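These notes concern the structure reproduced below.
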Amino acid sequence: MTINIAIDGPVGAGKSSIADQVAQRLNILHLDTGAMYRTLALHVLRSGVDPSDEAAVSACCERARVDVRYESGEQRTLLAGEDVTGLIRTGEVSAAASLVSRYPAVRRRMVRAQQELAAQADMLIDGRDIGTRVLPDAPVKIYLTAAPEERARRRHLQQLAKGDETPYEQVLRELNERDRQDMTRKTDPLRQAEDAVLVDSTQMTEQQVVESIVSIVEGVYGKR
Ligand code: DC
């Protein structure tokens, strides 16, 4: 049986880093689905299309080819064959990804691609709609969150370490705005699946979160 673990949660909950570590511990792949929406957003920006124009974005994305490949267990995300992994973490791409991921035509294609990837290998998949839409039957579903102020604090520290001096108040404001967009969009908004286990990391270290998720997985799939 293919192992499928769904992890959903809002921006800044530490999903990516935690999902990487859990996947490594379990010796399975980690699919970061946000990277796929970011890649489409990059394509939209490069094409000179306004990310808030649904019809234009939908048409533009219909022809875009997004692929995922693994190199030494690490995800590389490709746009029409070009490895864009290093180009999709900018603020501009983040903001555009939040907009283009609202559109049903965009989501339909990405959901199908993610389901195909999940069927091919043992995977931990992180995103916003994995437990609710992409893999509604996943045997393990985690909803990972933390208080907005704590998520903004962590994001702010990460950005400072990279030399980005955006003030904390602005980081918090932008995070609240992305939460609002992700949670209120009409198609597959971010929400906790009814059968997902809630992990609130506000008062937890990263290591504690990893341990708690590994033990939830082992409770279902057995010790690995
Ligand atoms: O996780 P992230 O910040 O890299 O995701 C980028 C954007 O894509 C974010 O605004 C939410 C959206 N997204 C989504 O709608 N569904 C997913 N499964 C993953 C990400």
remark   = Percent relative contact order for segment 145-201, counting Cα pairs under 8 Å at least six residues apart, stands at 38 percent
remark   = Here the relative contact order (percent) of segment 2-115, from C-alpha pairs under 8 Å and at least 6 apart, is 25 percent
ask   = Quick one: length gained pulling Thr202 to Asn176 fully straight, 0.36 nm per residue minus the C-alpha distance?
value = 7.8 nm
request  = Give the accessible surface of segment 84-211 per residue, rounded to a whole number of Å², with probe radius 1.4 Å and ligands, DNA and RNA excluded.
outcome  = 52 Å²
ask   = In straight Cα distance, which lysines are under 27 Å from Lys186, not counting same-chain residues fewer than 8 positions off?
value = Lys15, Lys141
request  = For n ≥ 4 DSSP H runs only, could you compute -39500 (n - 2.57) per run for the chain, divide by its residues and tell me the 222 nm figure to the nearest 500?
outcome  = -15500 deg cm²/dmol
ask   = Hey, got the dipole for segment 175-224? About the Cα centre, +1 on K and R Cβ, -1 on D and E Cβ, debye to the nearest 20?
value = 160 debye
message = Let me check against my output: what whole-number percent is the relative contact order of the chain, with C-alpha pairs under 8 Å and at least 6 apart?
response = 32 percent
note = Restricted to segment 66-224, the DSSP antiparallel beta bridge percent, nearest 5, is 65 percent
ask   = Between Ser17, Ser98, Ser72, which gets the highest mean-square fluctuation from a Gaussian network model of the chain, Cα cutoff 10 Å?
value = Ser72
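The values are calculated or read from the model by the stated rules, or taken from the named source; none is laboratory data. Since the model is a prediction, treat every value here as computed from it, not as a measurement. Heads up, the Cβs are rebuilt from the backbone with ideal geometry, glycines too, and the neighbour counts pull from every protein chain shown. Accessible surface is based on the protein model in full, side chains and every heavy atom, while ligands, DNA and RNA are left aside. Shrake-Rupley method; radii C 1.70, N 1.55, O 1.52, S 1.80 Å.
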